[in-house]
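**Student:** Please read through the structure below; I'll follow up with questions.
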Amino acid sequence: MNLSVRELAEFVCRSGDLYAHSEGKTIDMMDGIRVQEVVRARRKQIGSGYASEVAVKQEFELANLKTSLSGRIDGLIVNESNCVVEEYKACARFPEHPNLVDLGQLTIYAAMFAMNREFSEFSLSLIYVDAETFEEHAFSYNYSLQTLSLLLAIILLCYELRHKKHQHRTIGRADWARFKEFPYPDFRFGQRALAGRVYRAAVAGEQLLVEAPTGSGKTLGTVYPLFKALEYDQKLFYLTSRSSGSIAALDAVKMLDPSNEHIVLVEIIAKEKICPVEGMPCDAELCPYAKGYFDRAGEAVLTLLDQKFIDRSALEDVAEKHTVCPFELSLDASLWADLVVCDYNYIFDPFVRLQRFQPPTGIHLLIDEAHQLFPRVNSMYSVELSFIDLVEATADAPSLLLPHLDLVRKQLAAVFDANEIVIEPPVQLNEAIARLLAALSESEIELSEEDQSLSRFVFSCYRWSAAQDWQNDGSFSYIVERDVADQKLNFSCIDSSGLIKQALSNYESSVCFSGTLSPLELYRDLHGGEPNLVERSPNPFESNQLGILLIKDISTYYKDRPRSIQSLVELVRSVLRVKRGRYLIAFPSFEYLELFFEAFTSAAEMDCAQLKQESGMQARRTRELLGEFKESTFAMLGVVLGGVLGESIDFLESAIDGIFVVSVGLPPPSIERDLLAKRFKESRDDEWGQTVAYRQPAMNKVLQVCGRLIRSPAHRGMLYLIDPRYQLDRIRLFFPSHWHSVTTKASDVEKLTQEFWSDGEENTQAD
């Protein structure tokens, strides 16, 4: 095991406030580099006894592991009578007291250097250097060799005790998992094969892409074998695309470990969702949960770990009891977890990914709803500059920044005035942004909560500046976006497949799984191609459980929608006359949904409850709507393709009898999609490019809503795909292999529906 001196100091010596901000000024890596260079130049003038960047390395036995502790001493002055160990830290203003992590780091360095040295006493100097004036302020200490040795031993012991306890527990977890039987008497059809394939991937360190049909038990079928494959010093990250997706992982752990004795699970909730303070100030002077955080966090973490199952409720309860930030508490607890449940962005987003797990040694990934990974990573690596945001920021800015903001405005305006859509790298604009950020860094300006416009634009500039350092192999484009309200310059990630490939390769293994990954070769391309291995789990349900009708004579093209409404209403009514039950009806837009329900309400004479998703609907109303639908015995719920009600909702307890999907729902043309099509056209042909850019995102949404239908062996139901384009081979390419569809006219739907449900009744009687 490798351990840096800084890591050791941060682990043992942390204290004080969260979000300490160096007296209102951000100190970055460049400040540190400049300070180091200045101080070293000064020290070299004192003579030959000075050395910088002195490497130290020692081997220790920690928690039964051979551990290599290493680092570099900033400055070392050695003469015949004395030895001085120095550590340099950049700051905005001199602190009244030394930072304990900084002091711990210096002490460890001194103790490591002192080993096998003849000096009886050592001088330690922790030197804070003003990042602007380069003035020095030192905290000095004198320690004997025996004292340094004792301090290092205590620090190592503190580290070892926690890790030894953790190690002992994880060895027990690994032994338990190795002999743990599947929590149900039998596997579902295909579930055992899925579990076996996932286990082999984890052991072999493979990157696996699996299509597992909805209702096949894929969550338990992946989590269970991963735990059996984990070594004691490894952990599992379960990644979801929506917060609702974490429920399945939490439920799986409850099934595997119902006594809550073996698995430590930590759920990471987004800071803005779990923050207990209105406005989320993230400032120790404004937030009591940040003030003195490190003084209380250790005890809070221990309290959590005793509970083992650390979901949102547990985090909020313990955080409130100890007055600590629940978000930061979840991150600290995650270091000791066996399973971390979190959003994609904590692994893939370059701005928010978890630095404490870099490099990601010993981590395996389970990525749920993997059909969402490519577009999500595209968005994570895309940044924008808004002209309106710049204008608003200028109105709130202090005079010191106005010349720099004006230069950015001129350069951004020049980009917009060129009347181009896709542009070359805006070199002059990038230079103006760099000058703005440098001026802000060199000033003593504090961005407060009241400076929201300025803060928002500065944040965009920081993201923009960072993005310019990313390697661009053609996967990024500068795109101008204009509308009546604003003009924006986007640095858009067109193709994140290479980024996904690189990220996955850093982990011990990865399993990307979803119910909708057809065709598998397309998703392999979107995830970077080889070495992704692909697998398709068999459908666990009988063929007579699912009826699929493709209605060819109701056009849902945009221009035909108003005149198709009446035919659509009649078709739905014909199905509802045959079979009372619960139905979903999915539309490509809220406008189309409203047109249908207005017509259906005026025409229907049946007592069917009519429920519908609304634009901008809050989470509470969403839950209420779902509750009304599940409690009804005869209801129709209108949803929009790609919305929360069309994905990640399990209707296991309240089975759906039928789903109507109105239109293929192809997205409108856009520059980004056209560039994506062009990029993938080069790897195969024009059809492949159109498939990746337009058809895949559309059919992704269609298949997700269709997946809400059959959730258990007891369910039966029918899909009604309403659009003549469903007959085309380029669309049918996305149909799951177990689908057996019938193309028909709207006038025959009632008869075919009757036949499906009659066959079901006969089979039930025969059984």
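Coordinate-derived values only; no laboratory data. Fair warning: this is a prediction, and the values are worked out from it, not measured in the lab. Cβ coordinates were reconstructed from backbone atoms using ideal geometry, including for glycine residues, and neighbour counts include every protein chain displayed.
**Student:** About the Cα centre of the chain, how large is the charge dipole given +1 on each Lys and Arg Cβ and -1 on each Asp and Glu Cβ? Please answer in debye to the nearest 20.
**Tutor:** Numbers: 79 positive and 110 negative charges, 420 e Å.
I would put it at about 2020 debye.
**Student:** Let me ask something else about it. If one computes the Cα centroid of region 189-227 and of region 75-109, what distance in Å separates the two points?
**Tutor:** Answer, in whole Å: 51.
**Student:** While we're looking at this one, here's another question. Past 32 Å, Cα to Cα, is the threshold; run K180/K630; K89/K410; K66/K308; K271/K559; K164/K321 against it and keep the listed order. Mind dumping the intermediate values first?
**Tutor:** Details: K180/K630 35 Å; K89/K410 37 Å; K66/K308 28 Å; K271/K559 44 Å; K164/K321 27 Å.
Beyond 32 Å: K180/K630; K89/K410; K271/K559.
**Student:** Using each residue's phi in region 739-756, evaluate 6.51 cos²θ - 1.76 cosθ + 1.60 at θ = phi - 60° and report the 3J(HN,Hα) Karplus result to the nearest Hz, with x for Gly and Pro.
**Tutor:** After applying 6.51 cos²θ - 1.76 cosθ + 1.60, I find 6, 10, 9, 10, 8, 8, 8, 4, 5, 9, 5, 4, 5, 5, 5, 4, 5, 4 Hz.
**Student:** Quick one: check the C-alpha center-to-center distance for region 327-343 versus region 386-414, whole angstrom.
**Tutor:** Spelled out, the Cα-based centre of one part sits 40 Å from the other.
**Student:** Could I ask something else about it? If you build the convex hull over the alpha carbons only and average its shadow over all orientations, what do you get for region 543-766? Give it in nm² to one decimal.
**Tutor:** Convex hull of Cα atoms, orientation-averaged projection: 13.1 nm².
**Student:** Counting DSSP beta bridges in the chain, what percent are antiparallel, to the nearest 5?
**Tutor:** Numbers: 38 of 106 bridges.
Expressed as a percentage, antiparallel bridges in the chain total about 35.
**Student:** Moving to a separate point now. Could you order the peptides 205-215, 332-342 from most to least packed, using the average number of other C-beta atoms within 10 Å per residue? Could the numbers behind the result be given before it?
**Tutor:** Numbers: 205-215: 21.3, 332-342: 23.5.
Descending mean neighbour count gives 332-342, 205-215.
**Student:** Order the peptides 290-300, 473-483 from the highest to the lowest mean number of other Cβ atoms within 10 Å of their residues. The partial results should precede the final answer.
**Tutor:** Details: 290-300: 18.5, 473-483: 16.0.
Sorting 290-300, 473-483 by mean packing, highest first, produces 290-300, 473-483.
**Student:** Give the calculated FRET efficiency between R482 and N260 to the nearest 0.05, with a Förster radius of 51 Å applied to their Cβ-Cβ distance. Mind dumping the intermediate values first?
**Tutor:** Values: r = 56 Å, r/R0 = 1.09.
Efficiency computed from Cβ-Cβ geometry: 0.40.
**Student:** Would you mind calculating the gained length between Y141 and S120 on full extension (0.36 nm times residue separation, minus the Cα-Cα distance), in nm to one decimal? Don't jump to the answer; show the numbers that get you there.
**Tutor:** On the way: separation 21, 0.36 × 21 = 7.56 nm, distance 1.41 nm.
Length gained between Y141 and S120: 6.1 nm.
**Student:** Also: For the chain, what is the mean residue ellipticity at 222 nm derived from helices alone (per DSSP H run of n ≥ 4: -39500 (n - 2.57); sum divided by total residues; nearest 500 deg cm²/dmol)? Display every interim value, and only then the final one.
**Tutor:** On the way: 27 runs with 330 residues, N = 767.
Calculated at 222 nm, the ellipticity per residue is -13500 deg cm²/dmol.
**Student:** Right, here's the next one. In vacuum, with every alpha carbon of the chain counted as one equal point scatterer, what does the Debye formula give for log10 I(q)/I(0) at q = 0.08, 0.10, 0.11 Å⁻¹? Two decimals, please.
**Tutor:** Those come out to -0.81, -1.19, -1.37, one per q.
**Student:** Evaluate E = 1/(1 + (r/R0)^6) for V742 and E542, where r is the Cβ-Cβ distance and R0 equals 25 Å; express this FRET efficiency to the nearest 0.05.
**Tutor:** Working: r = 17 Å, r/R0 = 0.68.
About 0.90, to the nearest 0.05.
**Student:** As I understand it, the value is the acute angle between the Cα axis of helix 671-681 and the longest principal axis of the Cα atoms of the chain; what does it come to in degrees, rounded to 10?
**Tutor:** Helix 671-681 sits at roughly 90 degrees to that axis.
**Student:** Per residue, how big is the convex hull of region 2-161 when only Cα atoms are used? Give it in Å³.
**Tutor:** On the way: hull volume 18.8 nm³, N = 160.
Convex hull of Cα atoms, per residue: 118 Å³.
**Student:** Modelling each spin label as a point 7 Å along the Cα-to-Cβ direction, I'd like the E392/K751 distance in nm, to one decimal.
**Tutor:** Taking the two extended label points, one gets 6.0 nm.
**Student:** Starting from the Cα of S15, step 7 Å toward the Cβ, then list every residue of region 83-122 with an amide N under 20 Å from that point.
**Tutor:** Output list for this probe position: 87, 89, 94-111.
**Student:** Additional query: List the residues whose amide H sits under 5 Å from the amide H of C83, counting only those 5 or more places along or on another chain, with H placed 1.01 Å from N in the peptide plane.
**Tutor:** Under 5 Å from the amide H of C83: S123.
**Student:** Roughly what angle does helix 452-467 make with the longest principal axis of the chain, taking Cα atoms, 0 to 90 degrees, to the nearest 10?
**Tutor:** 90
**Student:** Any idea what angle helix 191-204 forms with the longest principal axis of the chain, computed on alpha-carbon atoms, 0 to 90 degrees, nearest 10?
**Tutor:** 30
**Student:** Show me the ranking of peptides 625-634, 711-720 by mean Cβ neighbours inside 10 Å, starting with the highest. Let's see the in-between values first.
**Tutor:** On the way: 625-634: 14.6, 711-720: 19.0.
In decreasing order of mean packing, 625-634, 711-720 become 711-720, 625-634.
**Student:** Taking every pair of distinct Cα atoms and averaging 1/r, then inverting, what Kirkwood hydrodynamic radius in Å comes out for region 383-493?
**Tutor:** Values: mean 1/r = 0.0697 Å⁻¹.
It is 14.3 Å.
**Student:** Of all beta bridges DSSP finds with both residues in region 2-161, what is the antiparallel percent, to the nearest 5?
**Tutor:** Details: 25 of 36 bridges.
Among the beta bridges of region 2-161, antiparallel pairing accounts for roughly 70 percent.
**Student:** Could you let me know the centre-to-centre spacing of region 417-433 and region 574-624, using Cα atoms, in angstrom?
**Tutor:** What the calculation gives is 47 Å, centre to centre.
**Student:** Net charge within 9 Å of K552 by Cβ-Cβ distance, Lys/Arg positive one each and Asp/Glu negative one each, not counting K552 itself? Before the final figure, lay out the partial values.
**Tutor:** On the way: positive: K745; negative: D553, D723.
With Lys, Arg at +1 and Asp, Glu at -1, the net is -1.
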